[in-house]
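For reference, the structure discussed in these notes is given below.
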Amino acid sequence: MPRILLAPMEGLADNLLRGVLTSIGGYDWAICEFIRVSGSVLPVKTYERICPELLNGSKTVAGTPMRVQLLGSDPHFMAENARRLVSLHPAGIDLNFGCPAPTVNRHRGGAALLGEPELLNQIVSAVRAVVPVDLPFTAKMRLGIDDTSRAVDCAQALAAGGIDELIVHGRTKLDGYRPPARWAWIDKVRAAVDIPIIANGEVWTVEDFVRCQQETGCADIMLGRGAIADPLLARRVRGEQTGGWEEVMPGVAAYWLGVRHKVVPEHAGGRLKQWLALLRRNYPEAEVLYQRLRPIKAAHDIDAALVSAGILGELTLAA
């Protein structure tokens, strides 16, 4: 059975949603949202805020190992922050060379570095020097900035720097999240390096998963937005018998209760609607709920609507 991994998704899959998805099941390990490294060594509280799983043995509430991702362009500070992170006993360390967000790229972070293979190698080599050999050490990259011409160079630079495995998102920075993912290019990268490659990008269904394996030559797949749109996808891939909305609904309730405790009331509703907007790709019940909640602003009114819809019980909400 291939490994199925949960992708880091900035602004989408925080610890609450990671906890729900891994509780539903099917994942071997996951990566948290990136921690931005600039010109300092970050305090411990920053790591624990972005990856609260560190306080639980670097595992989600369901026991899924959670690796921590660093993003930055300075080899020295990336290494020093990795050194501090090692002291917090993460399940693994990952480096982000794939984020396409303009605000990140303007500060030479994420996918913006894919035009500089030499710098990629320097960053990885510096971090490798402080990461124990028994701690999983990976990187995640896209295929390039505007085109794929340096994809192999970048992958080889990262591999030479000492990572154990490489996750490749089959798009360039310019591609953003527009389909299709360039799975054939992931296969070219895989053939050019001597470390394991994990494929990522545009896997929404079991059929997509199988085709991605075939076209990339990769057994192991990282699920991103497809996992959020169908929380049962990883288990479906594993051939398990799964239910439908009735099996997903308790996760929606658990997520909302977590959001209500974590997020200020005026922002809470947006978080739930964001997830429902993806869930409705696969679940008609999510579409109905999304349309019902869409005009509602106040968190306490959303509470009432979820109780009325049978998602939450009065006693659960009171607790």
### Summary
From fewest to most C-beta neighbours within 10 Å, the residues Val189, Val248, Val61 line up as Val61, Val248, Val189
### Message
I want to check the label-to-label distance for Arg108 and Met1. Put each point 7 Å from Cα in the C-beta direction and report it in nm to one decimal.
### Response
4.5
### Query
So what is the relative contact order for the range 30-109, in percent, with contacts set as C-alpha pairs under 8 Å and at least six apart?
34
### Task
Enter the per residue convex hull volume of the range 245-318, computed from alpha-carbon coordinates, in Å³ rounded to the nearest integer.
76
### Using alpha-carbon coordinates, inclination of helix 206-216 to the longest axis of the chain, degrees
10
### Query
What is the helix-to-structure angle for 183-192, meaning the angle in degrees between its Cα long axis and the longest Cα principal axis of the chain, kept from 0 to 90 and rounded to the nearest 10?
40
### Query
Could you give the nm distance between label points at Gln291 and Ala191, where each point is 7 Å from its Cα heading toward the beta carbon?
4.8
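In percent, how large is the relative contact order of the range 4-237, given Cα pairs closer than 8 Å and 6 or more residues apart?
For the range 4-237, the relative contact order is 17 percent.
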### Message
Can you tell me which of Val86, Val124, Val44 moves the most in a GNM of the chain? Springs connect C-alpha atoms under 10 Å apart.
### Response
Val44
### Query
Just how far, in whole angstrom, is the range 168-205 from the range 23-101 if you go by their alpha carbon centroids?
22
### Task
Neighbouring Cβ atoms within 10 Å as the yardstick, rank Ser40, Ser125, Ser73 fewest first.
Ser40, Ser125, Ser73
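Place the peptides 289-299, 9-19 in order of packing, highest mean first, counting for every residue the other Cβ atoms within 10 Å and averaging per peptide.
Sorting 289-299, 9-19 by mean packing, highest first, produces 9-19, 289-299.
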### Task
Taking the chain as the reference, fit the longest principal axis to its C-alpha atoms, fit the long axis of helix 15-24 to the helix C-alpha atoms, and give the angle between the two in degrees, 0 to 90, nearest 10.
80
#### Entry: Spin-label zone in the range 268-299 - amide nitrogen under 18 Å from a point set 7 Å from the Cα of Glu246 along the C-beta vector
283-286
## Note on the structure
From DSSP H assignment alone, runs of 4+ in the chain each adding -39500 (n - 2.57), the sum over residues rounded to the nearest 500 puts [θ] at 222 nm at -13000 deg cm²/dmol
### Query
Which cysteines does the chain leave without a neighbouring Cys Cβ under 4.7 Å?
Cys99, Cys154, Cys212, Cys218
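We did not get these values from a lab; they are worked out from the coordinates using the rules stated. In this text, all values refer to a predicted model and were calculated from it rather than measured experimentally. Please note: Cβ atoms are built from the backbone with ideal geometry, for glycine as well, and neighbour counts cover all protein chains shown.
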